[in-house]
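Some notes on the structure that comes next.
The values are calculated or read from the model by the stated rules, or taken from the named source; none is laboratory data. Since the structure is predicted, the reported quantities are computational estimates derived from the model, not experimental observations. Cβ: placed from backbone, ideal geometry, glycine included. Neighbour counts: every protein chain shown. Note: accessible area is taken over every heavy atom of the protein model, side chains too, but ligands, DNA and RNA are not part of it. Shrake-Rupley method; radii C 1.70, N 1.55, O 1.52, S 1.80 Å.
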Amino acid sequence: MPDLLIELFSEEIPARMQAKAAQDLKKLMTDGLVEAGLTYSGAEAFSTPRRLALTVHGLSGESPTLREERRGPKVGAPDKALEGFMRGAGVTRDQLEEREEKKGAFYYATVVTPGRPAAQIVAEVLEKTVRNFPWPKSMRWGAGTLRWVRPLHRILCLMYDEGGDHPIDVTIDGIAAGQTTEGHRFMGSGAFDVTSFEDYETRLKRAFVILNPEERANTIWHDATNMAFAQGLEVVEDKGLLQEVAGLVEWPVVLMGDIGEEFLGLPPEVLQTSMKEHQKFFSVRNPATGRIEKFITVANIETADNGATILAGNQKVLAARLSDARFFWENDLRVAKEKGLSAWTDRLGNVTFHNKLGSQRDRIARITALARDIAPAAGADRHLAGEAADVAKADLSSEMVYEFPELQGLMGRYYAEAAGLPAEVAAACENHYAPLGPSDDVPTAPVSVSVALADKLDTLTGFWAIDEKPTGSKDPYALRRAALGVIRLVLENDLRLNLDRYIDAQLVRHKIALRDGDLADEQRAELEQLVDEIADHGVFGAAWEVLRDKLKAPEKVEPVVAPVPDLSEDLLGFFHDRLKVFLRDQGIRHDVIDACLAMQSRDDIALVVKRARALSAFLGTEDGENLLQGFKRANNILTQAEDNDGVEYSFGADVKFAETEEERTLFTALESAEARIAPAMKAQDFETAMEAMAALRAPIDAFFEAVQVNADNQVVRRNRLNMLGTIRKTCLQVADLTKVEG
């Protein structure tokens with residue numbers, strides 16, 4: 001069985017596109033070959049800045065001959081119908097067969113599709129792949145019609161086996177395929193022919209091209225770390241940059257250069273970001289001091305002076321870049337020390353956050369108010385939380401963050417420290433954006449947690465207030481990420497927060513801002529009083545009842561607050577959806593989560609999760625699973641009896657009407673369980689409560705085996721139904737087990 005080698009040789013492909021392009025080439029080619037009837041044993045794809053390559057092993061030599069039976073029209077059908085069938089099947093009248101079936105006689109045709117040589121199929125699939133390649137961006141050049149990411153110069157397409165090598169006869173937009181390639185742009189010795197993938201890879205390496213991007217990346221990292229180690233330094237790990245640089249060179253030559261002494265006082269993050277973003281340099285750190293002292297660059301060519309000229313040029317450009325960074329840094333420090341961060345915060349009044357949600361300064365005011373509300377629950381000082389929230393986003397106006405947006409927050413910490421603000425405030429400036437993703441660390445300092453929660457809750461409530469929620473796969477404002485951030489902040493800090501309180505308060509603040517032009521100072525003051533009442537009462541409804549009768553202009557105030565309950569409920573449901581995804585990843589079933597969300601305090605995320613984990617563990621035991629079945633049996637009998645009788649059996653059973661030992665045993669077990677469950681639930685000790693429930697399994701099983709609930713004696717029947725009511729009431733204290741699938 002032959003092997004196949006394909007290379008598409010072009011001008012330089014952007015590094016960010018190479019890995020996906022190699023996989024796209026592999027998928028499109030192999031899928032096309034399989035659809036055409038060929039089989040293969042394996043395939044690998046590779047990329048360099050100037051080529052995509054694919055090798056397919058064990059390719060079948062030809063597609064199989066296919067025989068297919070097709071049923072046509074009924075015998076006696078119009079001639080035009082018969083002619084159309086014969087034309088589609090590619091047969092003549094004498095090749096048709098008549099077959100008798102239950103519904104009458106039908107014409108049948110046997111269609112034979114002969115196999116085709118693999119070379120012919122490869123040519124067709126390759127042309128289709130090249131012409132329809134899914135580049136994110138592509139271009140045309142010259143007079144041709146082909147679109148490619150950069151001008152395509154050469155196509156290598158070769159099949160080979162023990163009998164020799166055979167170029168595939170295919171021409172795409174005037175480019176005829178062959179078995180010729182070339183090596184490095186500068187160090188290679190021109191074009192050469194290859195006879196197999198092994199020959200191709202070997203000769204490319206002799207021509208200063210490492211085909212495998214992983215090998216290039218490993219070479220870069222190995223040489224860079226060895227160079228740094230030799231001088232007692234270490235390379236700052238950056239996997240993304242390593243992958244990108246490996247896509248910029250075909251023959252990596254690692255060089256280490258010096259950073260000017262005048263720039264070593266810059267924050268290490270500024271040096272690292274500037275070198276990475278502008279010049280794709282790796283930072284080299286002194287582990288003793290934490291300072292960035294040198295840089296690693298990767299050239300694509302070996303030189304007679306061992307890279308000295310390359311390093312000199314790079315150092316000259318780097319000095320210019322870092323001069324800009326130092327200018328920004330010194331200017332920003334001067335502003336922070338002389339004027340404080342409020343100078344930048346005031347400027348944010350001219351920066352629009354969203355055309356319906358006001359400026360960044362407006363947003364900061366809302367976040368500050370909410371951070372003060374949250375602070376006591378997070379264990380933070382209200383004043384410090386408010387101070388931190390007020391300056392947390394000040395660095396957005398700084399020159400450094402304007403140049404390097406990815407440093408927002410981090411520079412805020414530096415500037416807060418320079419301005420002499422408390423350490424808790426400086427830490428919150430850096431950490432309030434976290435967590436940005438599932439792998440990010442979560443802040444744990446109380447002030448940072450308060451501001452981070454306020455920031456995310458303000459974003460969510462704001463977009464809910466203007467009805468711009470995520471839809472399907474679209475989430476332009478990263479609201480799902482914000483909700484997951486709130487969940488992680490709550491859970492990883494074990495915070496007991498009633499989210500309803502803060503959602504309601506912030507929704508009212510947003511509604512005040514949205515209707516501000518319609519409100520007089522008096523109405524605005526009344527609404528701000530409502531926010532204070534929410535903070536005191538913890539729920540919108542109670543706070544609104546306190547204020548409603550005192551309104552001076554209810555016709556203006558009521559429209560502002562009328563949508564709040566529905567919006568709050570909808571946003572809480574959004575949090576619950578995110579929580580389900582979060583917990584499912586931890587192995588907790590959706591129905592278990594639903595059973596816990598059906599209980600009171602469902603806005604207390606930590607409580608819901610604690611209950612869900614305990615219930616999940618309980619249902620994973622034999623006692624838990626069997627008790628669930630016993631509960632469902634009791635609930636089904638009870639529900640049916642209540643529907644038929646039109647009464648509720650929840651008044652408690654009396655042991656004096658028990659007729660069997662199993663009934664009396666269950667009475668005792670229920671009393672014992674209730675004595676343990678009630679205090680455990682009050683203490684939110686769900687594990688103990690479920691252990692007490694587990695003790696009910698055996699007596700409930702014995703009861704159902706020995707007793708007929710719907711007895712002829714109506715007194716006994718009602719007593720037994722009331723006992724089932726006690727079982728239901730006891731079990732439902734822990735979670736709504738009716739929602740658990742069993």
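Side notes on the structure shown:
- Meets criteria (under 30 Å from R613 (Cβ atoms), among the hydroxyl-bearing types (S, T, Y) and either modelled with pLDDT of 85 or more or open to solvent by less than 50 Å² (accessible area, probe 1.4 Å) (or both)) for T668: no
- Residue that is least open to solvent (accessible area, probe 1.4 Å) [pool: residues in segment 162-182 that are more than 24 Å from K128 (Cβ to Cβ) and free of Cβ contacts under 8 Å to residues at least 40 places away in the same chain]: G164
- When each of V56, V125, V130 is tested for being under 30 Å from N300 (Cβ atoms), part of a helix (DSSP H, G or I), touching a residue at least 12 places away in the same chain (Cβ under 8 Å) and of a type outside the set (K, R), the lone residue that passes is V130.
- Scanning segment 630-642 for residues that are of a type outside the set (A, V, I, L, M, F, W, C) and either closer than 19 Å to T688 by Cβ or surrounded by 15 or more Cβ atoms within 10 Å (Cβ to Cβ) (or both) gives G630, K632, R633, N635, E642.
- Filtered residue count, segment 138-154, keeping only those that are touching a residue at least 40 places away in the same chain (Cβ under 8 Å) and either open to solvent by 80 Å² or more (accessible area, probe 1.4 Å) or part of a loop (DSSP other than H, G, I, E, B) (or both): 4
- The set of residues from segment 369-394 being more than 15 Å from E424 (Cβ to Cβ), touching a residue at least 60 places away in the same chain (Cβ under 8 Å) and not aliphatic (A, V, I, L, M) comprises just one member, D373.
- Residue in segment 419-437 that is open to solvent by 10 Å² or more (accessible area, probe 1.4 Å), more than 24 Å from A375 (Cα to Cα) and not basic (K, R) present: no
- Members of segment 710-742 found to be outside any loop (DSSP other than H, G, I, E, B), charged (D, E, K, R) and open to solvent by 60 Å² or more (accessible area, probe 1.4 Å), listed by number: R718, K729, K739
- For E68: the one exception among (1) closer than 24 Å to A119 by Cβ; (2) assigned to a strand (DSSP E or B); (3) open to solvent by 30 Å² or more (accessible area, probe 1.4 Å): (1)
- The set of residues in segment 505-543 being open to solvent by 40 Å² or more (accessible area, probe 1.4 Å), under 11 Å from V557 (Cα atoms) and hydrophobic (A, V, I, L, M, F, W, C) consists of A520, A525.
- Any hit, segment 466-479, residues being in contact with a Ser or Thr (Cβ under 9 Å, 6 or more places away or on another chain) and at positive phi: yes
- Residue within segment 382-404 that is open to solvent by 40 Å² or more (accessible area, probe 1.4 Å), out of contact with any strand residue (DSSP E or B) (no Cβ under 7 Å at 6 or more places or on another chain) and not in a helix (DSSP H, G or I) present: no
- Test: V209 is touching a His at 6+ places or on another chain (Cβ under 9 Å), β-branched (V, I, T), buried (at least 17 other Cβ atoms within 10 Å of the Cβ) and touching a residue at least 60 places away in the same chain (Cβ under 8 Å): yes
- Positions within segment 188-204 being loosely packed, with under 15 Cβ neighbours inside 10 Å and of a type outside the set (S, T, N, Q), in sequence order: G190, A191, E198
- Residue that is farthest from L721 (Cα to Cα) [pool: residues in segment 622-673 that are without any contact (Cβ under 8 Å) to a residue 40 or more places away in the chain and among the polar types (S, T, N, Q)]: S672
- When segment 267-286 is filtered for residues that are assigned to a loop (DSSP other than H, G, I, E, B) and open to solvent by less than 50 Å² (accessible area, probe 1.4 Å), the ones remaining, listed by number, are P267, F281, N286.
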